[in-house]
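Enquirer: One structure, as structure tokens, below. Some questions next.
Any read-out appearing in this document is the output of simple, stated calculations on the displayed coordinates, not a laboratory observation. Just so it is clear, the structure is predicted and the values come from calculations on it, not from any experiment. Heads up, the Cβs are rebuilt from the backbone with ideal geometry, glycines too, and the neighbour counts pull from every protein chain shown.
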Amino acid sequence: MSRYLSSPDWKVYDMALTYTLIGTPFSAATIKARLCLRWANLPMTEKPATMSVVQAYIKPRLKTVATPAILGSDQTAFTDTRALLDTLGREHAAQTLLPSTPAQRFASDLLEAWADSELSQQAEYIFWVCEREEAETRLTQLLEADSTSGQADRRARLVAAQVRKHFAKLGLNKAAQAQIVSRLDETLTRLDAALGDSPFLFGDRPAMAEFSLAGALQVLAQTRAGDDLLKDHTRLDAWRMRLSAIDGLTQGDHRKVSSSPSAFMQFMRQVAQEFVPRALNSASAVSDWAEANPGLRALPDQITLGGSGGRSSRRKSAAHAIWSPRDAYWLSRLGDQARPAHGVENAELYRLLKTIGLLPLRDFVPPREIVAQNHRLELTLRDVQSETSHQSLREVETALMLARQSSADIAELAAIHV
């Protein structure tokens, strides 16, 4: 017997489904997932990602262990909150976290992709690498729920060492702390300005992207360095508290991007400059991997630059040695959203893309087509390499370079206002 779980605007069919969230309190993605599930008013239980929980819940559902994991009582499994939201949107028309206009949706999705890829990584780097002793202590306390103190301590050291090794491959060792803290300080200042006196970044109702941001900031707040950075931004603290609440969040609307302050547009330009180059490299890395692994469809979580066959990527970068196919997937989604629907130009979306330097994204052709399959990404059978796709990569990169070089003057940023 199905029933409604309802708010004034959000109606989700229960269908006797419940969801189990498995993760850790110091994972930005876990915090994002928790906020999303609570906001969706879905029946949910939460379990810590201890060894016994992983063995009992995750391994029977997934081939590889990944957290956070969102497990449905109907045997569905998600390791990505956006995939869950997409499923709810298709099956239950759950739209309250998704702004209604094309420009709003593009801005929210770009911000979510950047927060998941860039901001969350920086926050978790501070937690795991820069404050390693505190991180290991907290992980030990989590694992002690089903292990002896000695066992939990050894496992915590092993897991923490693996995480630090992952960050080291990205060039994020302890020596990078000053640079990352400086970047975080600039980002928080711009985010604070973008929020201004508005309840949420997108008006009187939060958008999906804001839960990604809140997840990263919550991890940051658990560190000494992050606490020092956040203490001067009281508006961000109040905003995070509003996102963590339930009562009253169903009121109000998403505002149009054309009604956003210029500080929001400046922040979105920074987001585009930081995320899209990484995603372009990811798209090329996926293309290289596909050529080196013919016949394989399931993409790995990370790809070493140049692919496993040892080929050199068309896009070399000293900044990162490994790439996430999820960034390439997000870039494809954004490219689809940027294109005029049914050949009809949307004026507000056009102005947004022009302002943040992503107008060529409307003609972006990914080298390989990627689809999401609940808990993994796969290449489709329609994959074809073409000079057009590689040309579109260069055009987007050139546009970003020009936007970076141009001055972010008031006249240009005000062009978004109509």
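Enquirer: Kindly put Val286, Val181 in sequence by how many other C-beta atoms sit within 10 Å of each C-beta, fewest to most.
Expert: The order, fewest Cβ neighbours first, is Val181, Val286.
Enquirer: Let me ask something additional. Which value in nm describes the separation of the simple spin-label points at Met401 and Tyr350, placed 7 Å from the Cα toward the beta carbon?
Expert: So the two model labels end up 2.7 nm from each other.
Enquirer: Taking every pair of alpha-carbon atoms in segment 211-276, what share in percent sits in each 10 Å bin, from 0 to the bin with the longest distance?
Expert: 16, 38, 39, 6
Enquirer: Quickly work out the Lys231-to-Thr64 label distance, labels modelled 7 Å from Cα along the C-beta direction, and quote it in nm with one decimal.
Expert: For Thr64 paired with Lys231, the spin-label model returns 4.1 nm.
Enquirer: A further question on this structure: Residue by residue through segment 104-115, which ³J(HN,Hα) values in whole Hz follow from phi under the Karplus form 6.51 cos²θ - 1.76 cosθ + 1.60 (θ = phi - 60°), with glycine and proline marked x?
Expert: So the Karplus estimates, Gly and Pro as x, are 4, 5, 5, 4, 5, 5, 4, 5, 5, 4, 5, 5 Hz.
Enquirer: Would you calculate the separation in nanometres between label points at Glu186 and Glu378, each defined as 7 Å from the Cα along the Cα-to-beta-carbon direction?
Expert: Once both label points are built, they end up 4.1 nm from each other.
Enquirer: Sticking with this structure for a sec: Note the full-extension length gain between Thr45 and Asp253 as 0.36 nm times their separation in residues minus their Cα-Cα distance, in nm to one decimal.
Expert: Working: separation 208, 0.36 × 208 = 74.88 nm, distance 2.91 nm.
Answer, rounded to one decimal: 72.0 nm.
Enquirer: Test of understanding: ordering Ser259, Ser324, Ser149 by Cβ neighbours within 10 Å, fewest first, what list do you get? Write down the numbers at each step before the final one.
Expert: Numbers: Ser259 15, Ser324 24, Ser149 11.
So the ranking, lowest neighbour count to highest, is Ser149, Ser259, Ser324.
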